[in-house]
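To start, the structure itself, in structure tokens.
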Amino acid sequence: MKVFLLLFLTIFLFSCGKQFRFATSAEAAADTSYIYALPYPKGKTHLLVQGYNSRFSHRGRLGLDFKMKAGSPITAVRSGVVVGVEQSNTKGGPSRKYFSMANYVTVRHSDGSIANYGHLQHNGVVVKKGDTVQQGQVIAHSGSTGYSALPHLHLSLWLPTAAGRKPLPARFRTRKGALYLRVGHWYKSL
């Protein structure tokens, strides 16, 4: 099993060639978008195994996958109100037949943007719909439900529009300042 997971992780990292175009230094300096906290407790470090538009399962999608052991605490990247929860699913695997079986928490922020935390552990959500959560608060525990080959957290951000969803690329607070995260890098929560 460990050999399979290492092989899968290697495929993740090397199949992620076509990524979101990162800002130039001048663009980054002029960027006034919200700076999010990493989605795990302060002092913890996790590897980003899949990023924006990664080839494995994020083609055309702005999602981030953080590798973490099942049961790892997940924290809110920004304060908001819980608008969706699913935690009853028990199945997952690297097949599209599991796509609709992911457990998740969805949080709406003060500007109307949405954060979705996916592939959570069965019965691993510690908040309920309608709860107000603070940035850094534990909201759930990681798992591997839904379309998932290994335990991880899938995080996506979007803005609801009349036409559907407008995906949001996000910068995160890191030791090196506000950054768009890159696949294959370890990030420590501050």
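Cβ-Cβ distance of Ser100 and Thr174, R₀ of 30 Å, FRET efficiency by 1/(1 + (r/R0)^6): the value works out to about 0.35.
Length available on full extension from Leu190 to Lys166: 0.36 nm per residue minus the Cα-Cα distance, which gives 5.8 nm. Treating each Cα of region 31-182 as an identical point scatterer and summing with the Debye formula, the log10 of I(q)/I(0) at q = 0.10, 0.11, 0.21 Å⁻¹ comes to -0.31, -0.37, -1.53.
Rounded to 0.05, the FRET efficiency of the Thr132 and Leu159 pair, given R0 = 25 Å and the Cβ-Cβ distance, is 0.80. Amide H contacts under 5 Å for Tyr180: Phe172, restricted to partners 5 or more places along the chain or on a different chain, H placed in the peptide plane at 1.01 Å from N.
What do you get for trypsin sites (Lys or Arg not before Pro) in region 128-190 restricted to DSSP loop and a cutoff of at most 12 other Cβ within 10 Å of the site's Cβ? The qualifying sites are Lys128, Lys129, Arg175, Lys176. Distance check, please: which entries in Lys44/Lys91; Lys44/Lys176; Lys69/Lys91; Lys67/Lys176; Lys97/Lys166 exceed 23 angstrom between their Cα atoms? Beyond 23 Å between Cα atoms: Lys44/Lys91; Lys97/Lys166.
Every read-out reported here was derived from the displayed coordinates using simple, explicitly stated rules and does not represent laboratory data. Note that the coordinates shown come from a computational prediction; the quantities given were computed from them, not determined experimentally. When we count neighbours, we look across all protein chains shown, and the Cβ atoms used for this are built from the backbone with ideal geometry, even at glycine.
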